[in-house]
1. Not counting ligands, DNA or RNA, and with a 1.4 Å probe, what is Leu183's accessible surface area in Å² rounded to the nearest 10?
2. Ranked by accessible surface with a 1.4 Å probe, highest first, in what order do Met367, Met455 come?
3. Positive end of the charge dipole of the chain (Lys, Arg +1 and Asp, Glu -1 on Cβ, about the Cα centre): tell me which of Pro221, Asn435, Cys380 has its Cα farthest that way.
4. Show me the helices of the chain, taken as full DSSP H stretches, that run 20 Å or more along their long axis by Cα and average -1.0 or above in Kyte-Doolittle hydropathy.
5. Can you list residues from other chains, or at least 5 along the same chain, whose modelled amide H is less than 5 Å from the amide H of Val214?
6. Not counting ligands, DNA or RNA, and with a 1.4 Å probe, what is Cys363's accessible surface area in Å² rounded to the nearest 10?
7. What ranking, highest mean first, results for peptides 352-358, 329-335 when packing means the other Cβ atoms within 10 Å averaged over each residue?
8. With a 1.4 Å probe and all protein chains left in place, how much of the accessible area of the stretch 110-209 comes from carbon and sulfur atoms, in whole percent?
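The values are calculated or read from the model by the stated rules, or taken from the named source; none is laboratory data. This one's a predicted model, so the numbers in the text were calculated from it and none came from an experiment. Backbone-built Cβ (ideal geometry, glycine too); neighbour counts: all protein chains shown. For accessibility, only protein heavy atoms count, side chains too; no ligands or nucleic acids. Shrake-Rupley method; radii C 1.70, N 1.55, O 1.52, S 1.80 Å.
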Amino acid sequence: MRPSHVLPGHRLRRYGPAGTMLRVCVRPLGRLGTFKVCFQGYVGPRHYSSSSFSGSDDSRDARAYFTTPIFYVNAAPHIGHLYSALLADALCRHRRLRVPSATATRLSTGTDEHGLKIQQAAATAGLAPIELCDRVSSQFQQLFQEAGVSSTDFIRTTEARHRLAVQHFWEVLKARGLLYKGLYEGWYCASDECFLPEAKVTRQPGPSGESCPVSLESGHPVSWTKEENYIFRLSQFQEPLRQWLRGNPQTITPEPFYHAVLQWLEEELPDLSVSRRSSHLHWGIPVPGDDSQTIYVWLDALVNYLTVIGYPNDEFKSWWPATSHIIGKDILKFHAIYWPALLLGAGLSPPHRICVHSHWTVCGQKMSKSLGNVVDPRTCLEHYTVDGFRYFLLRQGVPNWDCDYYDEKVVKLLDSELADALGGLLNRCTANRINPSGTYPAFCTTCFPSEPGLMGPSVRARAEDYALVRAVATLPKQVADHFDNFQIYKALEAVSSCVRQTNGFVQRHAPWKLNWENPADAPWLGTVLHVALECLRVFGTLLQPVTPNLADKLLSRLGVSATERSLGKLRFLPRFYGHPCPFEGRRLGPETGLLFPRLDQSRGWLVKAHRT
Ligand code: MSP
């Protein structure tokens, strides 16, 4: 059996220099058609270089548009969804620290509300589809608000502005000769909302032992579909997509996902069915001029990225294609093949960047309703605090491979890194006992000269102390590089390692053994505290994208004002480098409570009574 959406008889011929303009001669199903496809902005592979969004685009006006996937509303949000959104949020917040202009960075999220999956879920729940959409969409909105996702836009695909954008996009594809009507026959997986070739389908015993066809990848049931649909000439974009990706290896990150896409592009790329019979799928956007067909939910969903920025009005051009799509690995093909092909077809550039993450499992198993192991993110935010849970997901989530969730892991990580290491460090340097004046003490250049290895009775700094200064001085750049490479967990690992080093510094010099009253001790005591507070100021600044409330508490305690928290203003230990330090002598903030209280393992969850 061969699915007939694999349409034979297409030929692609290209004229002119690669990447400028393509004239394509196509012979679909025996008919001869010739048309021009102008790849707007496609002026050669280098055009899509990632350099413009990887840190070197920090000019005041440069715009950056981050997106999360839009979430299906067939079920309540889980921690995997929150993880997708937090990755995007952290990238976006880090960018805002570099380019503080409020209009330079945009973050969109939203809900994907059309399609067979939603239509069926609503029917099962005995609700009208829009009732289900309203209910679950507001759950996502509420979750993201509680979790501090700093989105600038929330889109619902059932909105009128989106219908307009999708129908316009469709008309453009049609006018460019990229849609035709053909017979689609093959497997459709409603859960994954995708068409599958025979090779991707297997059989599994159903509830009463009968053999049921399921998707090889997801295990979800598939059904045989045979109908006349509109079909997009995807096959014509195989070579342009290869060129785009080969010329821009940074486009898809991490690297293994880039190679996976290139590999897919080595296989046959059949044309894509982009509509369904309305009698079968009524919950969607009708094909313009043909009410008997509903637009395929993935075409509908992907266009959300354009709707948000005002498409089809010209305003969208000031944001497109400076886009970073943050997505899970299961939807890579839709974003790295279908979407760029649709965009090229519509005369638009592909997105600048696609950042891919892997999945969360729970105690070694895939999260699923039937296994009853779905972790509710709102409960986690409540138990571990917003900042605690954000820190956990972003510190432990490694985009390259799946990560396993269990409660003990959260408790262990937060107790050791936030409560003990970071909170303990702050407490050690600000406690009344050690810092009775409650100020940012002065730095003594004689005790800690900028040149290592100097000898003298008043020189107190040792080789390890210079290593600490070097490590913290280079930390902001390291963190920025990790953010640029979509390795946020590495940025947090680097911060955590510097926190440990700073604790080592304090431990080594045991300021609690020094005496403010003793003129031989006082300058060095002040210097030890000054260096430790400077390190804390760097940590607080760099943690803002991940733990915004905790970072605020830390920076406020250090007396750092709101205008002194951007990366541009972050000058570590200026006195060491011969510059004045604006913080020296400044009063510390009044809030003296614990930065992050330890979680009580014996009672399982956070003991709220300890909170200040
Ligand atoms: N609606 C589509 C996306 C359309 S974007 C134009 C969709 N929705 S989804 O709700 O199923 O998934 C949304 C995101 O959540 C995807 O990035 C997906 O990878 C992510 N996750 C779903 N389960 C996950 C885990 N268990 N772990 C981490 N992320 C997971 O796909």
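1. Here the residue's solvent-accessible area equals roughly 80 Å².
2. Met455, Met367
3. Highest projection toward the positive end goes to Asn435.
4. The answer, listed by residue number, is 79-98, 129-146, 160-175, 463-484, 488-509, 522-543.
5. Excluding prolines and chain starts, which carry no amide H, the hits are Thr202, Arg203, Gln204, Val222.
6. 90
7. In descending order of packing, they fall as 352-358, 329-335.
8. C and S fraction of accessible area: 51 percent.
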